[in-house]
Amino acid sequence: MEQHSEPQHNQGGAAAHRRQGDWGAPTPTAPDLVPFPGKDFFTGLPPTESPIILNMGLRLVDEDCGAPYGFSGPGPRWNEKHRKAYSLWQQALGFIGADADGIPGRTSWDRLRVPSPSPEEWGSD
């Protein structure tokens, strides 16, 4: 599983055509990003509901990996649509097989650059 480890890479695909600075709109600086929350954040039961999941989904849409969300777009609860969208992201980065299973790993998470939720998104003032 992806780094979990992320060792398997495919040399073709979208990742082969992207340069380091070619990720679209300006992205937040490191203190404004969500650090990798760990595999259990995405695999525990009941499914996690968090503004972090919503922000991750919005970033996946920004990276053209949002097709699994369909018309409704991403929501704050981890589900199969998020897993499928995240798998597309992993594949875009060149991961294959078990390393593109849709469960975030540290390498792909860090590359996605998920912005930290605001206090309002956490439900506090």
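Could you look through region 18-41, keep only residues that are closer than 20 Å to PRO117 by Cα, modelled with pLDDT under 95 and touching a Lys or Arg at 6+ places or on another chain (Cβ under 8 Å), and pick out the one that is most open to solvent (accessible area, probe 1.4 Å)? It comes out as THR27. Only one entry in PRO74, PRO117 is open to solvent by less than 30 Å² (accessible area, probe 1.4 Å) and modelled with pLDDT under 95, namely PRO117.
The residues of region 38-63 that are touching a residue at least 24 places away in the same chain (Cβ under 8 Å), of a type outside the set (Gly, Ala, Ser) and part of a loop (DSSP other than H, G, I, E, B), listed by number, are LYS39, PRO47, THR48, GLU63. One residue stands out in region 103-114 among those that are under 19 Å from GLY44 (Cβ atoms) and part of a loop (DSSP other than H, G, I, E, B): the one that is most open to solvent (accessible area, probe 1.4 Å), namely ILE103. Contact map, region 75-104: first residue on the phi > 0 side of the Ramachandran plot and without any contact (Cβ under 8 Å) to a residue 40 or more places away in the chain, second residue among the hydroxyl-bearing types (Ser, Thr, Tyr) and open to solvent by less than 70 Å² (accessible area, probe 1.4 Å), Cβ cut-off under 8 Å, separation 6 or more or different chains; pairs are GLY102/TYR86; GLY102/SER87.
Looking across region 81-125, the residues that are of a type in the set (Asp, Glu) and over 13 Å from the mean Cα position of the chain (by Cα) come down to ASP99, GLU120, GLU121, ASP125. Scanning region 72-100 for residues that are under 21 Å from GLU49 (Cβ atoms) and part of a loop (DSSP other than H, G, I, E, B) gives GLY73, PRO74, GLY75, PRO76, TRP78, ASN79.
In region 64-71, is there at least one residue being open to solvent by less than 10 Å² (accessible area, probe 1.4 Å), in a helix (DSSP H, G or I) and of a type in the set (Phe, Trp, Tyr)? Yes, region 64-71 contains at least one residue that is open to solvent by less than 10 Å² (accessible area, probe 1.4 Å), in a helix (DSSP H, G or I) and of a type in the set (Phe, Trp, Tyr).
The values are calculated or read from the model by the stated rules, or taken from the named source; none is laboratory data. Bear in mind the structure is a predicted one, so any value in this text is a computation, not a measurement. Please note: Cβ atoms are built from the backbone with ideal geometry, for glycine as well, and neighbour counts cover all protein chains shown. Heavy atoms of the whole protein, side chains included, go into the accessibility calculation; ligands, DNA and RNA do not. Shrake-Rupley method; radii C 1.70, N 1.55, O 1.52, S 1.80 Å.
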